[in-house]
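Remarks on the structure that follows.
Values quoted throughout were computed directly from the atomic coordinates according to the rules given, and no laboratory measurement underlies them. Keep in mind it's a predicted model, so treat the numbers as computed, not measured. Methodologically, a virtual Cβ is constructed for each residue, glycine included, from the backbone with ideal geometry; neighbour enumeration extends over all protein chains shown.
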Amino acid sequence: MEFLISIYERWREIPRWQKWLTITSMAVVLFLTLYFLRIVPLSEQLLADREELEHLRLTVNRLKVVRRKKSKIEEEINNLKRELESIEEKLPTGKEEVSRIIRSISEADDGITVVSIKRGSPISKEYYVEVPYSIELKSTYPQFVRWCEKLSKSDRIINFGNLSIRAIRSENYTISVSLQIKAFNLKR
C-alpha cells in the first residue's frame, strides 16, 4: 500500500504536460498491445476464412457443373439403354428351333426334301451361343437357291458354312446338297 501512496505522490509532483504524455504513451502501448495480441490474429483468421470461402465457392461451382453433366450423361445412358433394349427385342431369342424353320421353308416349296438335320454341340462365346447344324437336301438348283434366300430372311441369325452339291438323276430332283450352317443365340 505504501508503494501505491509513493507513486501517487510522485505523480502529483510531475508537471501536467508530462502527465498527458505518460497517459498518451500508456494508451498507445495498451492499444498496440491489444492490436497485436487480438486484432492481428483475428484479421489473419479472417483472411484465411475468406480464402477458404473462395475455395469452397469454386468447389461448389465445379460440383454444379459436374451435376449438370451427370444429369445429361445419365439421360444419355438411359436413352442408350432404351435403344439397346429395342435392338435386343429384334434379335432372336433362341426359342425358335432352327430345324423347324428349315422344315417349314422346305414344306412351303414343293420340290425340296429335307433328308436329315443334325444338330451339333453348342459353342458358348462371350455374348452369344453358336449352334452348328448339318443339313442334307434333295432339290433342283433353282429351288435350292430360293430356299437359301428364304432361310436367310428368317428371324434367326444364320451363317452358311461348307456347301457341297452333287448332281443326281431322279424324277423330281437334280441335286443333292450337304450344307453346314451355324445359328446364333444371344446370351441374356
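Values computed for the structure shown
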read-out: Ranking of Phe3, Phe184, Phe31, Phe144 by count of other Cβ atoms within 10 Å, fewest first; value: Phe3, Phe31, Phe184, Phe144
read-out: Scaled radius of gyration (Cα, divided by 2.2 N^0.38 Å) that the chain gives; value: 3.00
read-out: Degrees, to the nearest 10: 40-90 long Cα axis against longest axis of the chain; value: 10 degrees
read-out: Footprinting exposure proxy for Val129, Val65 (fewest neighbouring C-beta atoms within 10 Å first); value: Val65, Val129
read-out: Relative contact order [Cα under 8 Å, 6+ residues apart], the range 98-186, whole percent; value: 32 percent
read-out: Electrostatic dipole magnitude of the chain [Cβ: Lys, Arg +1; Asp, Glu -1; Cα centre; debye, to 20]; value: 200 debye
read-out: Kirkwood-type radius of the range 122-188, with distances r between different C-alpha atoms, in Å; value: 13.2 Å
read-out: Arg119/Leu80 FRET efficiency (R0 30 Å; Cβ-Cβ; nearest 0.05); value: 0.25
read-out: Per-residue ³J(HN,Hα) for the range 176-181, Karplus 6.51 cos²θ - 1.76 cosθ + 1.60, θ = phi - 60°, Hz, x for Gly and Pro; value: 10, 10, 10, 9, 9, 10
read-out: The chain - mean residue ellipticity at 222 nm from DSSP helices (-39,500 (n - 2.57) per run, n ≥ 4, rounded to 500); value: -19500 deg cm²/dmol
read-out: Residue order, fewest to most surrounding Cβ atoms within 10 angstrom, among Ser71, Ser139; value: Ser71, Ser139
read-out: Those lysines that a straight Cα-Cα span of less than 16 Å connects to Lys138, excepting residues fewer than 8 apart in one chain; value: Lys118
read-out: Proximal lysines relative to Lys187, as straight alpha-carbon distance under 21 Å, when same-chain residues fewer than 8 apart are discounted; value: Lys81, Lys90, Lys95, Lys125
read-out: Folded to 0 to 90 degrees: helix 16-34 orientation relative to the chain principal axis, Cα; value: 20 degrees
read-out: The chain, relative contact order in percent, only Cα pairs under 8 angstrom and at least six apart counted; value: 18 percent
read-out: 10 Å binning of all Cα-Cα separations within the range 1-77, expressed as whole percents from 0 upward; value: 15, 18, 16, 13, 11, 9, 8, 6, 4, 0
read-out: Positive-pole candidate from Ile87, Met26, Ala48, dipole of the range 1-90, charges at beta carbon; value: Met26
